[in-house]
Amino acid sequence: MNQGPAKRYHHIIMTTLSELNTCDEAAFVATLHGIYEHSPWIPQRAAAQRPFATIAALKLALQAAVTNATVDEQLGLIRAHPELAGKAAIAGELTQESTSEQAKSGLNQCSAEEYATLHKLNADYNAKFGFPFILAVKGPTGEGLTRDAIIATFTRRLKNQRADEMAECLRQIHRIAEIRLNVLLDVQLEFGPAIMQWAEVIGAWSDADDGLTCSYMTPAHQRTAGQLMEWMREAGMEAHIDAVGNVVGRYLSDRADARTLLIGSHYDTVRDGGKYDGRLGILLPLAIVRHLHARGERLPFHLEVIGFAEEEGVRFKSTFLGSNAITGQFDMTLLDAVDADGVTMRDALAGAGHDVDAIAAIARNPADLLGFVEVHIEQGPVLLEHGLALGVVTAIAGSSRYLVELTGLASHAGTTPMNMRKDAGAAAAEIVLMVEQRCGQGASLVGTVGQLEVPNGSVNVIPGHCKLSLDIRAADDAVRLAAVKDVLDSIAAICARRQVEASLKQVVSASAAPCAPWMMDQLGAAVERSGLPRFDLPSGAGHDAMAMAKVTDVAMLFTRCGNGGISHNRLETMTADDADIAARVLLDFFRSFHQPM
Ligand SMILES: [Zn+2]
């Protein structure tokens, strides 16, 4: 960006990062005074860390000033914000920034009914939490939330606990600041808006009337595949849909001896899922290739973008259909699997025009591959809580799952003394707490009893029978297996002591897929060059990279998941800014990609 005097544009003074880095502290604070509402102490505290290498680093320093502030200072910052469509807004007493943000969402055009709703929400919220509701009304894309979306969010967040809600308000304030900084510094997002827009387009194509459901080989699924292929071609790739429905786009290198770097994720979804789960990992490299193609820039390797047809296992209860075909591990007996309507996978594929005899030929030759990279929304709260847009995945956790049945003795709740009982329910309760306690002892170790039932239980009968599930995961197989052993031993001990019989059935045993350290290092270095710290975390959820790890080195880049980290849900959300920095980091990673010595 040019250096030069601050210029007036759309009533906002614009400046440059180098001006902010070199001006005196008073000018720095004065220029940034409108970024955080009525809180000059924030730029004051960040000023000492100049110079900032990138705008991302500046944003992070401002956020850190808030994070490191006292709770009273944080509350002061929240309370410095006006109510949405509140009295101050109606009276025209807001800052210039707030006025234009609220107007962009049409909050100045509320109907009488909407004003009444917002007025009551404001009052209830303030009474419950003691601070005003904060929402970045420009939303994830910066284009503005609708009034309906604002009211729905307000209503939902009113049910939160106070500490969670205070943290959410601060995150919304950082989002507001990010959007204001973009205007001040005239930041043009190169990739993020297109990625968000594409996700919106295919996110509207669903098997269901309401919400996004895109399961294997349905009309919505086929339409999505066709659209992805079209976008890939428009972006400058050779693209086709293979025999299991994977959408494959190749951006060829001009080097004769080039090998192939694979990148991608899945485009099927769970029932009523999110718009970014899986799809982000296809659309993001698509945006990058479009950019490279427009510049006439080639990479020293072939880049192959794959939209995997199936990962979630919704329709045929079998996961990783797409990536297993790429690795040559597609299980042909699955073609006889039937969906809920009795349709076989074979017929579903034939109906979509696919030739099942061509599936075996999809398998890639590992010798041609440099590795596989997957970008995926985190589907958890870790990056969100750390205030970071990106994380480098260390490993995809392995998992062990069991179904446990406990058999005691059903007897009368009134007549059976406490010391003469064989209570399967009480044994189950003890097991739940034991799993929680044992799995709390390891960095990436997690353990969950997600299903727990007393079949045919009655108020006045001691549970004679109880069923529960057990799910234990860790990034390190030795850690997981040690925990599993301890948990199974403890179940045996608990049941022996209570004279309850336990029968266990293992239903899943999947090894962890560690990411390749050399690829993690190159991704991490690209993250650092963007101005963000490298932050490593394990993936507790399964991903296509897990299947790909059987034939090539893999790496994953996680992006921050908004709304408390919720995914597999229509509330899943992310921002155009996060998509943009993820794309810039990935482009940088491609440009500096090199194989280990
Ligand atoms: Zn996914």
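The values are calculated or read from the model by the stated rules, or taken from the named source; none is laboratory data. All figures in this text were calculated on a predicted structure; none of them were measured in a lab. Positions of Cβ are generated from backbone atoms using ideal geometry, with glycine treated the same way; all protein chains shown enter the neighbour counts. All accessible areas refer to the heavy atoms of the entire protein, side chains included, with ligands and DNA or RNA removed. Shrake-Rupley method; radii C 1.70, N 1.55, O 1.52, S 1.80 Å.
Observations on the model:
- The single condition from (1) open to solvent by less than 30 Å² (accessible area, probe 1.4 Å); (2) within 16 Å of the ligand (Cβ to nearest atom); (3) in contact with a helix residue (DSSP H, G or I) (Cβ under 6 Å, 6 or more places away or on another chain); (4) closer than 22 Å to residue 315 by Cα that residue 275 fails is (1).
- Entry remark, segment 70-82: residues being without any contact (Cβ under 8 Å) to a residue 12 or more places away in the chain and either under 20 Å from residue 582 (Cβ atoms) or surrounded by 18 or more Cβ atoms within 10 Å (Cβ to Cβ) (or both) number 0 in total.
- Count of residues meeting criterion [under 27 Å from residue 315 (Cβ atoms) and of a type in the set (D, E, K, R)] in segment 170-228: 5
- Boolean, residue 582 is closer than 30 Å to residue 157 by Cα, of a type outside the set (Ser, Thr, Tyr), touching a helix residue (DSSP H, G or I) at 6+ places or on another chain (Cβ under 9 Å) and open to solvent by less than 10 Å² (accessible area, probe 1.4 Å): yes
- Hits in segment 31-43 - residues which are open to solvent by 40 Å² or more (accessible area, probe 1.4 Å), closer than 28 Å to residue 122 by Cβ and not in a loop (DSSP other than H, G, I, E, B): 41
- Qualifying residue in segment 540-557 (condition: among the small types (Gly, Ala, Ser), within 16 Å of the ligand (Cβ to nearest atom) and open to solvent by 40 Å² or more (accessible area, probe 1.4 Å)): yes
- Yes/no for residue 374 being open to solvent by 10 Å² or more (accessible area, probe 1.4 Å), within 22 Å of residue 519 (Cα to Cα) and within 16 Å of the ligand (Cβ to nearest atom): no
- Looking at 440, 447, just one residue is part of a loop (DSSP other than H, G, I, E, B) and not β-branched (Val, Ile, Thr), and that residue is 440.
- Count of residues meeting criterion [within 20 Å of residue 215 (Cα to Cα) and more than 26 Å from the chain's Cα centre (by Cα)] in segment 245-261: 0
Okay, residues lined up against (1) in a helix (DSSP H, G or I); (2) open to solvent by 80 Å² or more (accessible area, probe 1.4 Å):
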| site | (1), (2) |
| --- | --- |
| 45 | yes, yes |
| 52 | no, no |
| 57 | yes, no |
| 60 | yes, no |
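- Segment 169-211: number of residues that are free of Cβ contacts under 8 Å to residues at least 60 places away in the same chain, assigned to a helix (DSSP H, G or I) and more than 22 Å from residue 385 (Cα to Cα): 2
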